[in-house]
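Some notes on the structure that comes next.
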Amino acid sequence: MIKYCLSVILLITISSMVWHTGKFSGGSVNQYHAENKKATVYTTALNTNHRITQTDILSFKDFGQPSETQPCVFVDPANTFQTMLGIGGAITDASAETFAKLPKDKQQEVLRAYYDSEKGIGYTLARTNMNSCDFSSGSYSYTVDNDNTLKTFDIAHDKKFRTPLIKQAMAAAGGKFTLFISPWSPPAWMKDNKNMLQGGKLLPQYRQTWADYYVKFIQAYEKEGIPIWGLTVQNEPMAKQTWESCIYTAEEEKDFIKKYLGPTLEKNGLNSKKLIAWDHNRDLMYHRASIILNDPDAAKYVWGIGFHWYETWVGGDMQFDNMRRIKESFPETNLLFTEGCVDRFNFDSINNWSIGERYGYSMIGDFNSGTVGWTDWNILLDEKGGPNHVSNFCHAPVIGNTKTGQLHYENSYYYIGHFSKFIRPGAKRIASSSNRDKLLNTSFVNEDGKIVVVVMNRGNEKITYNLCIGAQAAETTSLPRSIATFIIE
């Protein structure tokens, strides 16, 4: 079912290697020889039918010193960095409602397409909303108004569409499923503007009640058989949106973590849940991280910093340096991409190739900057780019036409798949580089010893280059606006 598509992933299975702590046993990577090894190539490219399609079989040969005129991608498995948590997308109300309207066979196709690592692209990571978000059919929360004790807390709303889809996705992923939750807004009665929409702030007298609310939600989902791995403090805490939103300054988020949310999770035996701060764009992420992580009483509760991409795409600048500064300053803190999508959905733009390229560019830059996991926004939307109760219609990798029952796969599905299908949880990023800036690349080694190298060509020219590991290289060609996967065995 997979229609394999664009940019270049190079997946290298080196079956004769034994991997130990970032080194090859019995010698350095420069002693590795790939004689008689074959590289099976999978490609996705513009103006072709290639959609993660096998396109070639190559051989590694002695190469030696490259010249300045020879385009190369260099891979160095001897140096390892962060460990991969997973790659996936959000299961929102909109995704679940669209899924429920599709024919049964198309529902199964969606599950295979996303969560089957052989027939699909092997998602292992997911996000879902606590209370409503813009991608809900309307605003809602889980208590009656002014219920300070949360005695009326009930997730009955979610049981109609969302929790059934999450359970099916978990099953399709083979039970290996990392799920984190995010609130867009507290209930209106807890806020100073008495509205879940249009920003506003959490009232001081409800800080403990709101912290207890996270616990109630986690416990309710886990009672339904849905384990919660982690949580973010607040979706986009610096954005006053026309939809559900709530504002926290850096100091306010820090204080809420250290005085309320962190201790409340700990008190209720939930301190193993991974707490993620910020959950907003890259532009202010270092400032937010520094305020929170330089306070040891707050930092002790924080697993990582979450981020989005929305304001940083102008001119193609995604401000990856802000992430690198966090890793330099707080090396034990994890980075997690928690949301990204392309907005202004319409069918005229559904086949726009640059949408997938935006994903590839971001994922390569994010991983090379230390990111441990990458979470797309809605896994599935309808023919309008919704449902969305504030008309904020967006693209999704899979569009389900609820009128015809048909599925449309945008090229973002294949771009993400070039990472999620081959770079598995537990993989370690390894060093890689190129002597041509048009050959964007990142590399990982999986726990089974397979090396995955993703190389993306956003240009309009074909580039012949050498994939180099130590003194061996395989010559290959990057098609215009493409991605490929090499499996060496």
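Which one is nearest to the chain's Cα centre (by Cα), of the residues in the range 182-205 that are in contact (Cβ under 8 Å) with a residue 40 or more places away in the chain and farther than 20 Å from residue 255 by Cβ? Steps first, answer last, please.
From the range 182-205, those in contact (Cβ under 8 Å) with a residue 40 or more places away in the chain are 182-189, 191, 196-202; that's our starting set.
Checking which are farther than 20 Å from residue 255 by Cβ leaves us with 184, 187-189, 196-198.
Working: 184: 18, 187: 27, 188: 30, 189: 33, 196: 26, 197: 26, 198: 27 Å.
Going through the qualifying residues, I end up with 184.
From the list 462, 450, which one is out of contact with any Phe, Trp or Tyr (no Cβ under 6 Å at 6 or more places or on another chain) and either aliphatic (A, V, I, L, M) or over 18 Å from residue 44 (Cβ atoms) (or both)?
On the way: 462 fails: either aliphatic (A, V, I, L, M) or over 18 Å from residue 44 (Cβ atoms) (or both).
Step by step, each of 462, 450 is checked, and only 450 is out of contact with any Phe, Trp or Tyr (no Cβ under 6 Å at 6 or more places or on another chain) and either aliphatic (A, V, I, L, M) or over 18 Å from residue 44 (Cβ atoms) (or both).
Yes or no: the range 370-383 includes at least one residue that is outside any strand (DSSP E or B), surrounded by 20 or more Cβ atoms within 10 Å (Cβ to Cβ) and of a type in the set (S, T, N, Q). It would help to see each step written out before you state the result.
Of all residues in the range 370-383, those outside any strand (DSSP E or B) come to 370, 379, 383.
Among the residues that remain, those that are also surrounded by 20 or more Cβ atoms within 10 Å (Cβ to Cβ) are: 379.
Cutting the leftovers down to of a type in the set (S, T, N, Q) gives us none.
Checked the range 370-383: no residue is outside any strand (DSSP E or B), surrounded by 20 or more Cβ atoms within 10 Å (Cβ to Cβ) and of a type in the set (S, T, N, Q).
Name, by its number, the condition in (1) in contact with a strand residue (DSSP E or B) (Cβ under 9 Å, 6 or more places away or on another chain); (2) surrounded by fewer than 24 Cβ atoms within 10 Å (Cβ to Cβ) that does not hold for residue 456.
Of everything listed in (1) in contact with a strand residue (DSSP E or B) (Cβ under 9 Å, 6 or more places away or on another chain); (2) surrounded by fewer than 24 Cβ atoms within 10 Å (Cβ to Cβ), residue 456 misses just condition (2).
Show me the strands (runs of 3 or more DSSP E) entirely contained within the range 1-96 in which 2 or more residues are surrounded by fewer than 23 Cβ atoms within 10 Å (Cβ to Cβ), modelled with pLDDT under 90 and not aromatic (Phe, Trp, Tyr). I'd like the intermediate steps shown before the answer.
Values: elements: 8-13, 38-45, 53-59, 72-83, 86-90.
The qualifying strands (runs of 3 or more DSSP E) are 38-45, 53-59.
Given the criterion more than 25 Å from residue 116 (Cα to Cα), surrounded by fewer than 23 Cβ atoms within 10 Å (Cβ to Cβ) and either β-branched (Val, Ile, Thr) or out of contact with any strand residue (DSSP E or B) (no Cβ under 7 Å at 6 or more places or on another chain) (or both), identify the matching residue among 438, 403. So that I can check it myself, show each step before the final result.
Working: 438 fails: either β-branched (Val, Ile, Thr) or out of contact with any strand residue (DSSP E or B) (no Cβ under 7 Å at 6 or more places or on another chain) (or both).
Among 438, 403, only 403 is more than 25 Å from residue 116 (Cα to Cα), surrounded by fewer than 23 Cβ atoms within 10 Å (Cβ to Cβ) and either β-branched (Val, Ile, Thr) or out of contact with any strand residue (DSSP E or B) (no Cβ under 7 Å at 6 or more places or on another chain) (or both).
How many residues does the range 391-436 contain that are part of a loop (DSSP other than H, G, I, E, B), in contact with a helix residue (DSSP H, G or I) (Cβ under 9 Å, 6 or more places away or on another chain) and touching a residue at least 60 places away in the same chain (Cβ under 8 Å)?
7
Taking into account only those residues within the range 341-364 that are touching a residue at least 60 places away in the same chain (Cβ under 8 Å) and within 18 Å of the chain's Cα centre (by Cα), which is nearest to residue 124 (Cα to Cα)? It would help to see each step written out before you state the result.
Kept after step one, since they are touching a residue at least 60 places away in the same chain (Cβ under 8 Å), are these residues of the range 341-364: 342, 350-351, 353, 356-357, 360-361, 363-364.
Next cut, within 18 Å of the chain's Cα centre (by Cα) only: 342, 356-357, 360-361, 363-364.
On the way: 342: 22, 356: 20, 357: 22, 360: 18, 361: 21, 363: 16, 364: 18 Å.
Per the stated criteria, the residue is 363.
Please work out which one of (1) among the hydroxyl-bearing types (Ser, Thr, Tyr); (2) farther than 20 Å from residue 308 by Cα; (3) in a loop (DSSP other than H, G, I, E, B) is the condition residue 221 fails and give its number.
(3)
The values are calculated or read from the model by the stated rules, or taken from the named source; none is laboratory data. Nothing here was measured: the structure is a model prediction, and the numbers come from that model. Positions of Cβ are backbone-derived with ideal geometry, glycine not excepted, and every protein chain shown enters the neighbour counts.
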